[in-house]
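What follows draws every value from the coordinates through simple rules; no lab data is involved. Everything numeric here is computed off the predicted structure, so don't read it as measured data. Because the Cβ atoms are built from the backbone with ideal geometry, glycine has one as well, and the counts that use them run over all protein chains shown.
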Amino acid sequence: MGLLRITTCAVFPLLAATAGAHDHGPHSTDANLKKNEGRLIIGHHLLVQPTLERFQSPLKASSAENLWSDYGAARVELDVQGLKSLATRTRNSGRPVLVERFPLGAEETADLRLKDVRVFDETTRFTVMKEGRDGSPIETPLPAPDVTILGGTIDGEPNSRVLIAHGEFGTMGYIQTPDRMFMISSGDFKDQRDTLVYDFNRIPQEALEMKPFDCAFDHEDAPPAQAGGGFLAGGQSTGCRTIRKAIDTDEELLANRFGGNTTACNGYIAVLVAAGT
């Protein structure tokens, strides 16, 4: 399966574009200068960011028993429609929103500046390869996954990074500062567990069911690239350069991680692309 035509200039700035200082109201100062017998009034108008719309966090602590409270983890519930509404609002306005009191585990909260993150558009193609009658692979088109992704920063901490995503794969994301990392996870897709928000360094590593990571590359026989035979992606006539990019996964990811669910798998891939920008 693949994700095609990812517009890099539309994706990469999103996480950084929401960073900024605290919001302030309009402000102006006057400086009075005297020269000889005359009086000159100079008005200075400071450029400030407009006040952001404020919303309550769509992710809230659950009233159910929390078996992870000793480690500062929060068992949370997600208002899916609330998250989608925030994404739609920022996409339509082109501006971030301020999400108040987002849980950082069981003991802390933070206000987040968030904006909708889009990693594919109407030109993106999703496909899966299936075996035809003669045994040859057949490319079968798939609908785009229903995935909601918000990215941004902690309000007042421009060096932080935030990513929150939800789809058929579950709920996942992170809140990262220079010295801390909070994880958001509903666990493995096939387990259907409750969503937790926790400080990664406070949870015992043996309690985390981390899947072993295996990175490999299949070498194929191909002629060597010719020197000078490449080209620059994108044209000079457009304001930004784009590339056509395909992401190809293996059967193990689709079958083992997602039980053959192509919607969940493609949504997860979209989140990986967003998290890597």
Open item on the list: What does the net charge come to around Phe182 if you take all other residues with beta carbon closer than 9 Å to its beta carbon, with K and R at +1 and D and E at -1?
Closed with: -1
Task: For the stretch 98-144, the fraction of alpha-carbon pairs in successive 10 Å shells from zero, as % - done: 20, 22, 17, 19, 15, 7
TODO: May I ask you to sort Glu251, Glu157 by Cβ crowding, counting other Cβ atoms within 10 Å and putting the fewest first?
DONE: Glu251, Glu157
- [ ] Report the net charge of residues surrounding Glu157, where surrounding means a beta-carbon distance below 12 angstrom and charges are Lys +1, Arg +1, Asp -1, Glu -1.
- [x] 0
Task: Proxy reagent accessibility, fewest Cβ within 10 Å first, across Leu272, Leu83 - done: Leu272, Leu83
TODO: Kindly provide the GluC sites (Glu not before Pro) of the stretch 43-128 that DSSP labels as loop, not H, G, I, E or B, and whose Cβ sees at most 14 other Cβ atoms within 10 Å.
DONE: Glu53, Glu65, Glu107, Glu122
TODO: Can you check what the net charge comes to around Glu107, using other residues whose Cβ is under 12 Å from the Cβ of Glu107 (Lys, Arg +1; Asp, Glu -1)?
DONE: -2
Open item on the list: Over 26 Å between Cα atoms: which of Lys115/Lys190; Lys130/Lys190; Lys115/Lys245 fall into that group?
Closed with: Lys115/Lys190
